[in-house]
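Data block below; observations after.
What follows draws every value from the coordinates through simple rules; no lab data is involved. Treat the numbers as computed from the prediction; the structure is a model and nothing was measured. Cβ: placed from backbone, ideal geometry, glycine included. Neighbour counts: every protein chain shown.
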């Protein structure tokens, strides 16, 4: 009963009363429609902008022991499957986020070379992107998947999930893996490490996609929406 009341108060009622809704991805738009029955034409997709500080790093050769940047430690981020997938690979896993005891034990069990840091500033996070070799983001569930765009902006090859919204964002600019499959994650990482041409191609494609998420472009989309709001208000008869 409490869940139903909360859904009606904070989701159903606002969706019913508002004229427009903005959301960050087609995936989240479809979920709003599914859970509320909202008219699709009320929902406008405007993606999240990428922070201007996420700029392309200086190009460098792949490290002998590549650094894989992994962001987030909550269950949907899929760290447990990643740990198993990296068993006996000559890599270093750089984890951003507070780890559970279970996750730490798995890292020890599979003898993964790793380091971790949590509660860092945005400026420090940009350095993490610049210092890594590959962004590894095989998430099980996201509303948007901003680390993918941040990786593109930093000029890094990305390995991510073949699920929406990640696959919708990256198109053919990243290596897509089945996040539920340990072997698929492993094969995706190995392919990016071993295939220089693939890395370079994905990085160049990623740079083009990243341009679609620059702050100025997203600002313009919101500005155009507000103009529509103002126009609609002026047309209301007194």
Checklist outcome for this item: In degrees rounded to 10, the 0-90 angle between helix 215-234 Cα long axis and the longest Cα principal axis of the chain is 10 degrees
Checklist entry - Relative to the longest principal axis of the chain, what angle (0 to 90°, nearest 10) does the C-alpha long axis of helix 196-210 take? => result 20 degrees
Next on the checklist: Across segment 158-238, what fraction of all alpha-carbon pairs, as a whole percent, falls in each successive 10 Å bin from zero upward?
Outcome noted: 16, 31, 22, 14, 10, 5, 1
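Take every Cα pair under 8 Å in the chain that's 6+ residues apart, average their separations, divide by the length, and report that relative contact order as a whole percent.
Working: 367 pairs, mean separation 46.8, N = 238.
Once divided by the residue count of the chain, the mean separation gives 20 percent.
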Checklist entry - Under Stokes-Einstein, with the Kirkwood radius over Cα pairs standing in for Rh, what whole-number D in µm²/s applies to segment 1-81 at 20 °C and 1.002 mPa s? => result 128 µm²/s
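Determine how many Å³ per residue the convex hull of the Cα atoms of segment 60-141 encloses.
Roughly 86 Å³ of hull volume per residue.
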Checklist entry - If you rank 38, 132 by fewest surrounding Cβ atoms within 10 Å, what's the result? => result 38, 132
Checklist outcome for this item: At 4 °C in a medium of viscosity 1.567 mPa s, the chain has a Stokes-Einstein diffusion coefficient, with Rh taken as the Kirkwood radius over alpha carbon pairs, in µm² per second, of 66 µm²/s
Checklist outcome for this item: Comparing 198, 225, 71 in a Gaussian network model of the chain (Cα, 10 Å), the one with the largest mean-square fluctuation is 225
Checklist entry - Between the helical axis of 122-131 and the dominant principal axis of the chain, each derived from Cα atoms, what acute angle in degrees is found, rounded to the nearest 10? => result 40 degrees
Checklist entry - Just the C-alpha atoms of segment 1-46: what Rg/Rh do they give, with Rh taken as the Kirkwood radius? => result 0.98
Item to check | For the chain, built as a Gaussian network whose Cα springs stay under 10 Å, the top-fluctuating residue of 41, 131, 76 | outcome: 41
